[in-house]
Every structure is written in C-alpha cells, then in structure tokens.
1. Nearest 20 debye, what's the magnitude of the dipole of the chain about its Cα centre given +1 on Lys and Arg Cβ and -1 on Asp and Glu Cβ?
2. Give the angle, between 0 and 90 degrees and rounded to the nearest 10, that separates the Cα long axis of helix 7-104 from the longest principal axis of the Cα atoms of the chain.
3. Would you work out which of 75, 58, 7 lies farthest towards the positive end of the dipole of the chain? Charges go on Cβ: Lys and Arg +1, Asp and Glu -1.
4. Using the eigenvalues of the Cα gyration tensor, what equivalent ellipsoid semi-axes result for the chain when each is taken as the square root of five times the eigenvalue, whole Å, largest first?
5. Rounded to the nearest Å, what's the spacing between the alpha carbon centres of the stretch 61-94 and the stretch 23-51? Just the number, please.
6. Just from its helices, what would the mean residue ellipticity at 222 nm be for the chain, if runs of 4 or more DSSP H residues each count -39500 (n - 2.57) and the sum is divided by every residue, rounded to the nearest 500 deg cm²/dmol?
7. Setting aside same-chain residues fewer than 8 positions from residue 53, which lysines have a Cα under 26 Å from its Cα?
8. Of 22, 45, 92, which is farthest on the positive side of the dipole of the stretch 21-106, counting Cα position, with +1 on Lys and Arg Cβ, -1 on Asp and Glu Cβ, and the Cα centre as origin?
Amino acid sequence: MDNEKTLLQQIREKEQEFAQKLDATRSEAQSIVASAQTDAGDMLCSADETAKKTSEQIYWNIQGITSLEIERLNADAEKDRVDIVARGERNLSSAVEKIVYYVTEG
C-alpha cells in the first residue's frame, strides 16, 4: 500500500497539475494580450502617418486646383477689362458728341 497513493494525494497532484496548466495558460494569454497591444499601437502609428500623408496630398491637390482657378479668373477678368476698355474707346467719340450737344443745345 505504500506504493499506492491515497485518493487525497491523487486529487492534490491533479490540482497541482491543473494549477500549473492554468498558470501556463494565463502567462500565454498575457503574452498574447501584450503582443496584441503592441500590434495595435503600431497600427495606430501607421494609420496616423498614412492619414497625415493623405491629408497633405489632398491639401496640395486642392492648393493646385485653387491656384489654377485663380489664374483662370484673373485671365477672365483681364479679358473683360480689355473688352470694356475697347468698347469705351469705340463709344468715346459718340459720348463726347452727345455731351457737347446736351451742354450746348440742351
């Protein structure tokens, strides 16, 4: 009977065995969580960098589009100015005649 373990000893050994497995599983789970936290932090940094690059690209694209639109508006305004000056010069003699007529005859 000395070679045989009592039922209580067998139960205690199983408890110790399961406690060791539980500790090993807990340690592994903590390691997995720590790794996941590190990965998540890396992903956040990467996403932040990507967002900054993308927003900068959008900014410069819009800046370029805006500059082109400003140039177009300036060119249109200059064309309108030239047209108005030319129309004014064409009508200048007629306007002078009408003014002189109204002042002298009027």
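Where a number appears in this text, it was derived from the coordinates with a stated rule and is not lab data. Values in this document were obtained by computation on a predicted structure and should not be read as measured data. All Cβ positions, glycine included, derive from the backbone under ideal geometry; neighbour counts span all protein chains shown.
1. Using Cβ point charges on Lys, Arg, Asp and Glu, the chain gives about 320 debye.
2. Around 0 degrees separate the two axes.
3. Checking the options against the dipole of the chain, the answer is 75.
4. Taking √(5λ) for each eigenvalue gives 98, 12, 6 Å, largest first.
5. Value for the Cα centre distance between the two parts: 60 Å.
6. Per the formula, -35500 deg cm²/dmol.
7. none
8. Result: 92.
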